[in-house]
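Derivation of every value follows stated rules applied to the coordinates shown; laboratory data play no part. Since the structure is predicted, the reported quantities are computational estimates derived from the model, not experimental observations. Cβ coordinates were reconstructed from backbone atoms using ideal geometry, including for glycine residues, and neighbour counts include every protein chain displayed.
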C-alpha cells in the first residue's frame with residue numbers, strides 16, 4: 001500500500017507560482033503577505049489576547065489534547081476534515 005505522505009510535497013517545497021492552483025494544498029510555503037493582511041492578522045491576534053483562556057482550561061487542553069479533538073470529531077461526525085496525516089508533512093518529526 002502506498003504511503004499517502006510520499007505523494008505530498010515536503011514542507012518548504014510548495015511554492016505557489018500559478019494562482020489558479022491556489023486550492024491544491026492546505027498551505028503554501030514562502031508566501032509574502034501583503035501589508036494589509038499582516039495588519040489584519042495582528043489586529044485579530046491582539047483582540048484574541050484581550051480575552052485569553054483561563055489557566056485552568058488551558059492546562060486541561062494541554063494535558064489531553066486528543067480527548068478534545070476526539071470530542072470535536074464525535075460532535076461534527078464526518079463533516080470536518082479528519083485526515084490528520086498531513087500534520088507529518090507540515091511538521092516532520
Could you work out how far apart the two model spin labels at residue 30 and residue 16 are, taking each label as a point 7 Å from the Cα in the direction of the beta carbon, and quote it in nm? 1.5
Taking only Cα atoms of the stretch 4-77, what ratio of Rg to Rh do you get with Rh as the Kirkwood inverse-distance radius? 1.09
Using the beta-carbon distance between residue 37 and residue 66 and R0 = 22 Å, what value does 1/(1 + (r/R0)^6) give for FRET efficiency, to the nearest 0.05? 0.10
